[in-house]
Amino acid sequence: MDPESSNNNNQTNPRKRPLVEEEANKDKQPATLNCMVVAIDHNNLFYTVCSICEKTLPDPSPNTHFPNSSSIPICKYCNFNNNNNGFFNPASSGSKRLFRVLMSIATQKKVFVVVMFDRAARVLFGCSADEFFDFAKTHPFAAAAAGKALEGEMLKVTLSQPKNGNARHLRVVSVLPLRTGFQPVIETLRELYRARGGS
């Protein structure tokens, strides 16, 4: 049995850091390679930021889509600085979601986990994180279906060292689907749910 394909959860579970990732980290320069998507962590696809400065905000409780002002995460930096009187104004800024996707990929030599942020993730998902969140609210299991849709896709990715010194995974700075006829996840899911009789 090929040790690369053994049932090692650290290599196939995006939540766990694989041992082979240490080897990938040796090269400090961005590297471009062809790979296959093994799996994505569909349980945590987003994070919340200020809609003005994009500073990270505390995530709201699961399944909350900001139904009222008290549940909206507030950027205190923008709210203070955008108020001429110097007082806290919770209405001066809002929030939005951005993609942050943990993804296991396989090359010819190894399987390891990378993190894909909003700009790269939009190429594969075909929509904003907020748009996908809204879609998932009305279409059960859409996140899991997105993971299934991406499994096996061949990609050309450029990887770089993480910007945060405490980060554990290489960062996808660009991605290009290689399969002829590839369509973004959101289009695949819309077709799937229409076929099932959904909207």
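The values are calculated or read from the model by the stated rules, or taken from the named source; none is laboratory data. Note that the structure is a prediction, hence the values are computed from the model and not measured. Note that we place each Cβ from the backbone using ideal geometry, even for glycine, and neighbour counts take in every protein chain shown. In case anyone asks, the SASA skips ligands and DNA or RNA and just uses the protein heavy atoms, side chains included. Shrake-Rupley method; radii C 1.70, N 1.55, O 1.52, S 1.80 Å.
Fully extended, how many nm does the chain gain between Thr180 and Met154 (0.36 nm per residue separation, minus their Cα-Cα distance)?
Working: separation 26, 0.36 × 26 = 9.36 nm, distance 1.00 nm.
Here the answer is 8.4 nm.
A simple spin-label model places pseudo-atoms 7 Å from Cα toward Cβ; at Ala195 and Glu54 they are separated by 3.5 nm.
If only the Cβ of Lys and Arg carry +1 and only the Cβ of Asp and Glu carry -1, the dipole of the range 122-191 around its Cα centre is close to 360 debye.
Between Arg119 and Phe141, the C-beta separation translates, for a Förster distance of 22 Å, into a calculated FRET efficiency of about 0.25. Figure note: Ser51, Ser104, Ser95 ranked by solvent-accessible area, largest first, 1.4 Å probe, ligands and nucleic acids not counted: Ser51, Ser95, Ser104. Sorted largest first by accessible area at a 1.4 angstrom probe radius, with every protein chain in place, the residues Asp118, Asp59 fall in the order Asp59, Asp118. These residues, Lys28, Lys156, Lys163, Lys110, go from largest to smallest accessible area, 1.4 Å probe, as Lys163, Lys28, Lys156, Lys110.
Considering only Asn166, Met154, Pro184, and ranking their Cα positions along the charge dipole of the range 114-199 that arises from unit charges at the beta-carbon of Lys, Arg, Asp and Glu, the one farthest toward the positive end is Asn166. Rounded to the nearest 10 square angstrom, Thr56 shows an accessible area of 100 square angstrom against a 1.4 Å probe.
Taking every alpha-carbon pair under 8 Å whose residues sit at least 6 apart, the range 94-186 reaches a relative contact order of 30 percent. Here the average projected area of the convex hull drawn through the C-alpha atoms of the range 107-199 stands at 7.1 nm².
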